[in-house]
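Everything on this sheet refers to the single structure shown next.
The values are calculated or read from the model by the stated rules, or taken from the named source; none is laboratory data. Keep in mind that what you see is a predicted model, and the values were worked out from it rather than measured. Because the Cβ atoms are built from the backbone with ideal geometry, glycine has one as well, and the counts that use them run over all protein chains shown. Accessible surface is based on the protein model in full, side chains and every heavy atom, while ligands, DNA and RNA are left aside. Shrake-Rupley method; radii C 1.70, N 1.55, O 1.52, S 1.80 Å.
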Amino acid sequence: MAKIQNLPLEVLEQILLLLDPLDVSQFSQTCTAYHALLYGDPTDQHLWRELYLRQPFDDLRKCFTSLGSPPKQIDWKSRLQRIMRARTVITNVSVCRPEERCVVLQTLVDLITSVPPVIDPDVIDLSMNHVWATAMLRGSILLEHEEWKLTEDEHQLRAQLHTHFGLTARDFQHTQRTASRAYVYAMRNYKYDNDFGPFVMDGSGCVNWVHVRAIHHVMSMHIVPATEETESAEYNLFPMSMPWTQSILPNAMDLDAEQDWAGVAGKWQCSFCFVDHRELLIYNNFNASDDEPLHAEIFDDPDFVEVFRSIFLELRIIGTEDDPDHPGRPRINFGGSLDGHAIFVGWVKLTPDNQIRWHFTSGEQGNAIWSSEGVQVGNIRSKFGILGSWTTVLHDRHDPVGPFWLWKVGDATEDITV
């Protein structure tokens, strides 16, 4: 009987390609020769490339970064090893060592943000990474379990992953919705230190994904209300879930040569929420101190009302300014109109952590009244849109605050269909 050691190398490789990557790893431990075959030459990645391409993931050679750049160099082995470890942790979070939590969470964020762009927005072209991640995460407790004592970085990564994923079954629980409202409407979460938006309180301008996720939850529950059908669904598909995070990049679009690299110009829907101002002040103890406890019971009152409204805007580019920290991605200055009246002025630029930030003011009769700060969720030019917060331009202690969702509904030459 022929032994496996006598098989031609080409045949052995074909057999390995039929195995799960974890089985391939175990096979390499059976003898020195097989370990050398898989790990001996770090510059030869042909077997790892073929093994990666046999998995239900996007071809890395066709993937773009979240900012729309093609891959520069691909380490197939490292990518596959990290994803396989993440798969193990998703299936059983208890096996994750504390020192590897950030790596696992970052691996999953990288997986869902490094995907092929959509070429034709009218054609359904799902990312295989998204299909795999959605299928794995919806059956896992990774996004919400309390078995880990998370560091701040781990909190941020998990919140970013959760925001991109969409709604979990637990998000429909009333207690979870109350917790998100309590965060979003807490005036102490809006200061000059974070530009009165969903950014960290250190003045860096980096995104606070915990804040963004709370905004996502509050806004999503108006789009996907809690019903028997939505609560029991395997996965709720809606414009603030993972399939909408892919970039929309028509063929041959070179973002480095585009003035409007962020896709600002066009027609947009802006949805926003607010609560009664007196109730807001009572909940915040009139914003007298950051140390006093806030009593979220106000959001559980049967008479509590959170108003949800939408308006339609048209935005146009006014000009750009070079951003030395981000060559090829200049700051975009824009103006906007509602019913033909110019009431919006703002800009879009990259944050220090390479996220897409939106800032705009709005008002009436040429007077700025409202100030809004937001973050593009998903990859550049994605259909997901921008999540953020609004308050007044004065930023007084007792000024109202609330969340908003801005998403593109058409190009500047198209009509809006409501």
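Quick notes on this one:
Every residue, every condition in (1) more than 23 Å from the chain's Cα centre (by Cα); (2) closer than 23 Å to Asp20 by Cα; (3) in a helix (DSSP H, G or I), yes or no:
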| residue | (1), (2), (3) |
| --- | --- |
| His35 | yes, yes, yes |
| Phe57 | no, yes, no |
| Ser66 | no, no, no |
| Lys77 | yes, yes, yes |
| Gln81 | yes, yes, yes |
| Met84 | no, yes, yes |
| Asp110 | no, yes, yes |
| Val123 | no, no, no |
| Leu126 | no, no, no |
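- For region 43-63, taking the residues that are at pLDDT 95 or above and not charged (D, E, K, R), the one that is farthest from Ile380 (Cα to Cα) is identified as Leu51.
- Test: residue in region 23-30 that is part of a helix (DSSP H, G or I), within 30 Å of Leu350 (Cα to Cα) and either open to solvent by less than 80 Å² (accessible area, probe 1.4 Å) or at pLDDT below 95 (or both): no
- Comparison of Pro324, Pro352 shows that the only residue that is on the phi < 0 side of the Ramachandran plot and in contact (Cβ under 8 Å) with a residue 40 or more places away in the chain is Pro352.
- Residue within region 125-143 that is under 18 Å from Cys63 (Cβ atoms), touching a Cys at 6+ places or on another chain (Cβ under 9 Å) and buried (at least 22 other Cβ atoms within 10 Å of the Cβ) present: yes
- Total residues in region 231-287, condition of a type outside the set (A, V, I, L, M), part of a loop (DSSP other than H, G, I, E, B) and in contact (Cβ under 8 Å) with a residue 40 or more places away in the chain: 15
- The condition of being within 15 Å of Trp390 (Cβ to Cβ), among the β-branched types (Val, Ile, Thr) and either in contact with a Lys or Arg (Cβ under 7 Å, 6 or more places away or on another chain) or open to solvent by 20 Å² or more (accessible area, probe 1.4 Å) (or both) holds for only one of Val200, Val218, that being Val218.
- Tally of residues being modelled with pLDDT of 95 or more and assigned to a loop (DSSP other than H, G, I, E, B) across region 399-416: 3
- Filtered residues of region 137-152 (kept if more than 17 Å from the chain's Cα centre (by Cα) and of a type in the set (A, V, I, L, M, F, W, C)): Ile141, Trp148, Leu150
- For Arg331, the test of being under 29 Å from Val184 (Cβ atoms) and not β-branched (Val, Ile, Thr) is passed.
- When the residues of region 1-22 are filtered to those that are assigned to a loop (DSSP other than H, G, I, E, B) and surrounded by 11 or more Cβ atoms within 10 Å (Cβ to Cβ), the one that is nearest to the chain's Cα centre (by Cα) is Asp20.
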